[in-house]
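Asks: Dumping the structure here so I can ask a few things about it.
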Amino acid sequence: MSLYFTKHPEELRGDVIELGSGVGMGGILSKVAKELSQEGDDVSVTCTDVNDDVLEMLEKNVDQAAKSPGPFKTDNVHIEKLDWFDYVGKYEYRKEEPKQFDTIIASDCAYLHSQINPLSETITKLLGKESKLHMFAPANRSVVYDLTDELRETKQMNVHVEDMEISKNRIKADKVTSFSNLESHEECRTSRFIHITAWYEDSFDQGTNCDKKKHSMHDLD
């Protein structure tokens, strides 16, 4: 996800919320990519998860990132607990309408078919009429394609699916002493991911809702 926003920082705009942040690496690095680009206004990022232990680790990682050299600033980073199931059934009992965001991001956050309805409801409640969803997932995860069908057919959203190839290289820790010394790295297999964008009808001029593109990236982990 952060690799994409490194190349397309203009796609991160306004108030951003990350769904299923986990320990926060995707959201943190995406915000760093935006700040390094110096393109457009700064963004606020709300990182969310449902697990209390994960949220505690997320908060520690945000604090650690702020102490590290670089542009990352925490004054507009927020951490919140978010349960997608709050938007199904129980939603009518919520005291306030949820805040809508300019950009929703998510990376590898959906695993189970039981999550499709809660996740789609959460997306539609948090996504503004002039806003966009960016979701990234392994290409072989069937639940993600079912989610795109749900957003397109049930929620009446435009949905665009883009193929991405990420070549991963894993460093041999016993031989590499610095990131500039890459002679002894092992190349791993290329992984296929998909990038899903979704938006409400007529909000953006991006062609048909079934266009597909192919995109290549390189990663080092």
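The values are calculated or read from the model by the stated rules, or taken from the named source; none is laboratory data. Note that the structure is a prediction, hence the values are computed from the model and not measured. In this analysis, Cβ positions are derived from the backbone assuming ideal geometry, glycine residues included, and neighbour counts consider all displayed protein chains. Accessible surface is based on the protein model in full, side chains and every heavy atom, while ligands, DNA and RNA are left aside. Shrake-Rupley method; radii C 1.70, N 1.55, O 1.52, S 1.80 Å.
Asks: Being aliphatic (A, V, I, L, M) and in a helix (DSSP H, G or I) is the filter; apply it to region 131-148 and report the residue that is surrounded by the fewest Cβ atoms within 10 Å (Cβ to Cβ).
Replies: Within region 131-148, the match that is surrounded by the fewest Cβ atoms within 10 Å (Cβ to Cβ) is Val143.
Asks: Tell me which residues, restricted to region 37-62, are in contact with a strand residue (DSSP E or B) (Cβ under 9 Å, 6 or more places away or on another chain) and hydrophobic (A, V, I, L, M, F, W, C).
Replies: Val43, Val45, Cys47, Val50, Leu55, Leu58, Val62, listed by residue number.
Asks: Among the residues of region 86-130, which ones are of a type in the set (Asp, Glu), under 19 Å from the mean Cα position of the chain (by Cα) and either modelled with pLDDT under 85 or surrounded by 17 or more Cβ atoms within 10 Å (Cβ to Cβ) (or both)?
Replies: Asp102, Glu121
Asks: Here's a follow-up. Among the residues of region 2-36, which ones are among the β-branched types (Val, Ile, Thr) and open to solvent by less than 50 Å² (accessible area, probe 1.4 Å)?
Replies: Val16, Ile17, Ile28, Val32, listed by residue number.
Asks: While we're here: Looking only at residues in region 149-170 that are over 18 Å from the mean Cα position of the chain (by Cα), not β-branched (Val, Ile, Thr) and not in a strand (DSSP E or B), which one is surrounded by the most Cβ atoms within 10 Å (Cβ to Cβ)?
Replies: Out of the qualifying residues, it is Glu150.
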